[in-house]
Amino acid sequence: MTISRKLLTALTVPLLALTVSCGGSSSEPTESTDALAGSDQQSLDQYTTEDTTPIDEIDTSGLDLITDGTLRVGTLSDAPPNIFLEDGVFTGYDNELLRAIGEKLDLEVEFASTDFSALLAQVQNKQFDVGSSSISTTAARRENVGFTNGYDFGYMAVVTKDGSSVTGFDSLSESTRIGVVQGTVQDDYVSNTLGLEPVRFPDYNTVYANVKNGQVDAWVAPSQQATGQVKEGDGTTIAETIINTENFTAYAVNSDNQALIDALNAGLDAVIADGTWTELTQEWYPDRELPSDWKPGSKAAVVK
């Protein structure tokens, strides 16, 4: 059963201890892309499959899963509305969509929490079958892990305290203490595109806590997580939001497990065809806009 986005209004996320991972981190980002530069349709489509195997022809016994009949999924616990815990249950847009895909494949879906900075390596090392975390499918990441077809696009935002002199991306500078979650596209954007040294944090709760207490001036965030964190009365604001049109988001899979990638792609097309993708997107993002020249799933998928 899908857990409604309305539950977000009652979500209370405990703030973790304020720990900072600064520039000397052993997990420096290796990508070098401009996440806000935009992209033409050819590059958006280059990894999208022409079609998928019909769902009733998928043999789930040959998917090389950690546990037969179960998708073991690495996700996050603190990034609403995409991926988070509610009353001990993993939910959010990305996870509810993956549950629906699992139902199409007659597979149980079992979630476990991890840090984003470790997630892709854990998928490639087969600690998880799938990574679910609104993952932007950059070319650099594709060198290390496999991905399904896309199901969403990401947006990036700048979060500041009320009244801050930081008003958006253009006002970020060397004098701005910029918080990011380590290993994310936002980390790469600040480090490699802007050429600035961010303050790196292990998770979304911690970086947001440091915006609230003034330890950092701004958080460059996935806008979905910014929306999930910023609450009335927090003394914070989302200063600017821009769509990341360079890469769609997808589920991460071990790059050698093409059978599982194909199965998930088939399941994704199936939930697009029966209207589940549209229903979940409207439920979790009622005001969401996607690029006009892009659609989820394979090129043959028909959005209902």
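No value in this document is a laboratory result; all are computed from the given coordinates. Keep in mind that what you see is a predicted model, and the values were worked out from it rather than measured. With ideal geometry, Cβ positions are generated from the backbone for all residues, glycine too; neighbour counts draw on all protein chains shown.
Cross-linked pairs Lys126/Lys299; Lys231/Lys295; Lys104/Lys295; Lys231/Lys304: Cα-Cα separations exceed 22 Å for Lys126/Lys299; Lys231/Lys295; Lys231/Lys304. The fewest-to-most ranking of Lys295, Lys126 by surrounding Cβ atoms within 10 Å reads Lys126, Lys295. In this label model, Ile243 and Ser175 are separated by 3.5 nm, measuring between points 7 Å along each Cα→Cβ vector.
Once the Cβ-Cβ distance between Asp45 and Asp274 is put in as r, and R0 is 22 Å, what FRET efficiency do you end up with, to the nearest 0.05? Rounded to the nearest 0.05, the efficiency is 0.40. Residue exposure proxy: Trp294, Trp277, ordered by other Cβ atoms within 10 angstrom of their Cβ from fewest to most, comes out as Trp294, Trp277. Between Val89 and Ile66, the distance separating the two model label sites (each 7 Å from Cα on the Cα→Cβ line) works out to 2.2 nm. Once you reduce the stretch 140-194 and the stretch 235-289 to the center of their Cα atoms, the two points are 18 Å from each other.
Taking 10 °C and 1.306 mPa s as the conditions, I'd like the Stokes-Einstein D for the stretch 115-234 in µm²/s, using the Kirkwood hydrodynamic radius from alpha carbon pairs. For the chosen part, D equals 105 µm²/s.
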